[in-house]
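What follows is a single structure, written as C-alpha cells, with notes after it.
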Amino acid sequence: MSDSSPVRPVAPVLDVWCDLQCPDCRSALEDVRALRARYGDRLELRLRHFPLEKHKHAFAAAQAAEEAAEQGKGWDYVEAVLGRVEELGREGEPFLVEVAGELGLDAEEFDTALIDGRHILIVDADHAEGKAIGVTGTPTYVIDGERLDGGKSQEGLRERIEGIADRLLAAPGA
C-alpha cells in the first residue's frame, strides 16, 4: 500500500557540545543565535552537555538545562545562564534555580530535579558520547560528521557551519 502523505525531509543536525559555565561557550552564543535565526527548523540545533571538571557548577547547570527543556524553555534557559557565567561560578545551584524563576519556570521543580538527579543519566550519556568522538573542550560543534572546535577561536566557525548546512540543505531530498 502506498502512502501519499508528503514526506518531510529530516533537518540536518548541528550538535553544540557545551559547558554552561564556560566563558568560551558564552562567546559562541552570538553565533548560535545567528544560526537559529538563519535556519529556524531547517537545521536542528541540539545542545549536548560536556561539563568540564574545572567548572564546579557545570554538571548541575547541565541538569538544570535539561529540566528547563522539559518545562519548554531549554534554549531560553541556556542563553540566560551562559550570559551570566560569572554569577553561576559565584553562586552555584541557587543561581540556577533563580534563573528558572526569572524565566517563569517552576523553580521549586528545578530545585527538586537538582536534588533527585533525574537528569544525570542524560548529562552522563552526552559527556561519554562527546569523549568517544573526541570532544576535549567547549564549545565543540559537530555537523555532518565534521567536528569543529570553538574553544580555541570562534573566528570563521559560523561561516564553516553555514557552508556545511547550506550544502546539506541543497542536497537532493533535503
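Numerical summary
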{"quantity": "Of all residues making up the stretch 128-144, the number that are open to solvent by 50 Å² or more (accessible area, probe 1.4 Å) and touching a helix residue (DSSP H, G or I) at 6+ places or on another chain (Cβ under 9 Å)", "calculated": "2"}
{"quantity": "Some residue of the stretch 103-112 being surrounded by 15 or more Cβ atoms within 10 Å (Cβ to Cβ), within 19 Å of Cys22 (Cβ to Cβ), in contact with a helix residue (DSSP H, G or I) (Cβ under 9 Å, 6 or more places away or on another chain) and touching a residue at least 24 places away in the same chain (Cβ under 8 Å)", "calculated": "no"}
{"quantity": "Entirely in the stretch 3-115, the helices (runs of 4 or more DSSP H) that have 3 or more residues that are over 14 Å from the mean Cα position of the chain (by Cα)", "calculated": "23-39, 85-91, 93-102"}
{"quantity": "Residue that is nearest to Glu66 (Cα to Cα) [pool: residues in the stretch 116-127 that are outside any helix (DSSP H, G or I) and open to solvent by less than 70 Å² (accessible area, probe 1.4 Å)]", "calculated": "His119"}
{"quantity": "First in the stretch 129-151 and farther than 10 Å from Trp17 by Cβ and in a loop (DSSP other than H, G, I, E, B), second anywhere and among the hydrophobic types (A, V, I, L, M, F, W, C) and open to solvent by less than 20 Å² (accessible area, probe 1.4 Å), Cβ under 8 Å, 6 or more apart", "calculated": "Asp144/Ile164"}
{"quantity": "Criterion (open to solvent by 60 Å² or more (accessible area, probe 1.4 Å), at pLDDT 85 or above, touching a Ser or Thr at 6+ places or on another chain (Cβ under 8 Å) and under 27 Å from Ala62 (Cα atoms)) met by exactly one of Arg147, Arg158", "calculated": "Arg147"}
{"quantity": "Phe95 farther than 20 Å from Leu52 by Cα and either surrounded by 14 or more Cβ atoms within 10 Å (Cβ to Cβ) or basic (Lys, Arg) (or both)", "calculated": "no"}
{"quantity": "Output for the stretch 114-163, where each listed residue is touching a Gly at 6+ places or on another chain (Cβ under 7 Å) and under 12 Å from Pro51 (Cβ atoms)", "calculated": "Gly137, Thr138"}
{"quantity": "From Arg36, Arg48, Arg90, residue being open to solvent by 10 Å² or more (accessible area, probe 1.4 Å), closer than 20 Å to Thr140 by Cβ and without any contact (Cβ under 8 Å) to a residue 60 or more places away in the chain", "calculated": "Arg36"}
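The values are calculated or read from the model by the stated rules, or taken from the named source; none is laboratory data. Note that this is a predicted model, so its numbers are computed, not measured. Here the Cβ is made from the backbone with ideal geometry for all residues, glycine too, and neighbour counts use every protein chain on show. For the accessible areas, the whole protein counts, side chains as well, though only heavy atoms, and no ligand, DNA or RNA atoms are used. Shrake-Rupley method; radii C 1.70, N 1.55, O 1.52, S 1.80 Å.
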